[in-house]
1. Please verify whether Tyr30 is within 26 Å of Phe99 (Cα to Cα), aromatic (Phe, Trp, Tyr) and under 26 Å from the mean Cα position of the chain (by Cα), treating the condition exactly as stated.
2. Where the second residue is outside any helix (DSSP H, G or I) and the first is under 14 Å from Gly36 (Cβ atoms) and lies in segment 120-145, which pairs have Cβ atoms under 8 Å and are six or more apart or on separate chains?
3. Out of all the residues in segment 226-275, which are touching a Lys or Arg at 6+ places or on another chain (Cβ under 9 Å), of a type outside the set (Val, Ile, Thr) and either part of a helix (DSSP H, G or I) or modelled with pLDDT under 90 (or both)?
4. Mind checking which residues of segment 114-146 are in a helix (DSSP H, G or I), among the hydroxyl-bearing types (Ser, Thr, Tyr) and either surrounded by 17 or more Cβ atoms within 10 Å (Cβ to Cβ) or in contact with a helix residue (DSSP H, G or I) (Cβ under 8 Å, 6 or more places away or on another chain) (or both)?
5. When you go through (1) part of a helix (DSSP H, G or I); (2) farther than 24 Å from Ile234 by Cβ one by one for Asp18, which number turns out not to apply?
6. Take the conditions within 22 Å of the chain's Cα centre (by Cα) and either at pLDDT below 75 or acidic (Asp, Glu) (or both) and apply them to Val309. Does it pass?
7. State all residues of segment 199-225 that are over 17 Å from Asp316 (Cα atoms), part of a helix (DSSP H, G or I) and either touching a residue at least 60 places away in the same chain (Cβ under 8 Å) or touching a Ser or Thr at 6+ places or on another chain (Cβ under 8 Å) (or both); if no residue qualifies, say none.
Amino acid sequence: MPPPKPGVIPLAPLKLGDIFGGAFSTLGRYWKQLFGIGAAVYGGAVVIMAVTALIGYSAVSGHLHRVVSLSAEEDPAPSDVVPMVIAFGVVWLVAMITFAVATAMMYATVPTVLQEAVLGRPTTFSLVWRRAWSRVPAVFGTVVLTCLVAVIPMVLMVVGFFALIIGAITLSQGDGIVLWTVLGFLGALATAPLAIWLWVKFSLAPSAVVFEGQSPVAALRRSSQLVRGDWWRILGISLLAFALAGAASYMIQIPFSFLGMFSGVIGGATLDEDPNPAAIIFAMSGYLVIMALGQLIGQFISATFPQLVTGLLYVDRRMRTENLGPALAEAAAVPPQYGPQYGP
C-alpha cells in the first residue's frame, strides 16, 4: 500500500526524485507566496541600496568630481579621498546588512511554506509573511553562525591570493611573500574539509528554527543530530540543488545581460566628450536597472530552490529517524487552524 501523499511529497522516507519533485511542486503550487515575498524583500533591499547610494553620492559628489577631473600626473588630496572611502564603506555596510536580512527572510519563508505544502494546505501571502518574519532573527543567527564556519578558509585563501598578487606586481620573490602565499593556500586547503563537514552538519538548522521554533544554537545542535548517519547523502543532494539553482540563475541572467549591454550602448552614445560622473550614471541607469533586475531574479532562485530541497531533507530525516510520517498523515486530516504537527 503506497504511503499517503496529502501534499507535495509522500509521507514516508523520501527518494531523490521525491525530494526534487516536491521542491518543484512547491514552486508550482505556492509560487505566488514565494515569489511575492522574494520580490518584496529583495526589491526592498535594492531600493534601500539605491537610496543609500544616492545619499552617499550627494554627500561626496564634489570630492568625486574633483578626483575625476585630475590629470594623470596629479594625485588626489586626502581631504577628497577620505570622505569617498567613508561613504563607500557605509554604503557597502548597509548593503551587506540589508541583503543578509533579506536572505534570512527567504530562508525563513521557504520552510514556512513547506509546513503547509507537505500537508497539502493552502496558505496566503500575509500568513506566510507574519510567520516567517517572526523567525527572521533566529534564522539570521543560524545563517551567521553557519557562515562563520567558512570564514577561516576564505580568509586564508584571500591572504594567499593577495600575497601572490603583490609578489607578481612587485616582482618580489622574498621569503615573506612566498611564506604568506604558501600559508594562505595550504591553510585554506587544510581547513576547507572541516568547513564543508560542519556546513553540511548545520545545513538543516534554518529548517529546525522554523519547523520547531528552535533558537539558533539549539537549531545547530538539532541539525547535527538529524544529519548524523546521512552526511554524504545530504552533501550530494545539497550540491545538486545548488548546481541546478546556479544553472537556472545563469540562464535567466543571459537575456538580461544582452538587454543591459544594448541599453548601455544607447546610453553611452548620448554622452558628451567630457561627461561628469552624474551624466555617466544617468546614461548607464538603464543598464544598471536591467542588470539589477536580472540579479534579483537570480538571487531569488538561488535563495529559494536549494532551501526547498534542504527543508525536504529535514522532513525526510525526521521521517527516517523519528517516524514523523504517521504524525504528519494525522495532522493532514486536522483542520488548518490547529496547525501542522512538526514540534520536536
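1. Spelling it out, Tyr30 is indeed within 26 Å of Phe99 (Cα to Cα), aromatic (Phe, Trp, Tyr) and under 26 Å from the mean Cα position of the chain (by Cα).
2. If the second residue must be outside any helix (DSSP H, G or I), the pairs left are Thr123/Tyr30.
3. Passing the criteria: Leu226, Trp231.
4. Our first condition is that a residue be in a helix (DSSP H, G or I); within segment 114-146, this holds for 114-119, 125-146.
Cutting the leftovers down to among the hydroxyl-bearing types (Ser, Thr, Tyr) gives us 126, 134, 142, 146.
Correct list: Thr142, Thr146.
5. Evaluating Asp18 over (1) part of a helix (DSSP H, G or I); (2) farther than 24 Å from Ile234 by Cβ leaves (2) as the failure.
6. Working: within 22 Å of the chain's Cα centre (by Cα): yes; either at pLDDT below 75 or acidic (Asp, Glu) (or both): no.
For Val309, the condition - within 22 Å of the chain's Cα centre (by Cα) and either at pLDDT below 75 or acidic (Asp, Glu) (or both) - is not met.
7. Of all residues in segment 199-225, those over 17 Å from Asp316 (Cα atoms) come to 199, 213-218, 220-221.
So of that shortlist, the ones also part of a helix (DSSP H, G or I) come out as 199, 216-218, 220-221.
Those that are over 17 Å from Asp316 (Cα atoms), part of a helix (DSSP H, G or I) and either touching a residue at least 60 places away in the same chain (Cβ under 8 Å) or touching a Ser or Thr at 6+ places or on another chain (Cβ under 8 Å) (or both): Trp199, Pro216, Val217, Leu220.
The values are calculated or read from the model by the stated rules, or taken from the named source; none is laboratory data. Nothing here was measured: the structure is a model prediction, and the numbers come from that model. Here the Cβ is made from the backbone with ideal geometry for all residues, glycine too, and neighbour counts use every protein chain on show.
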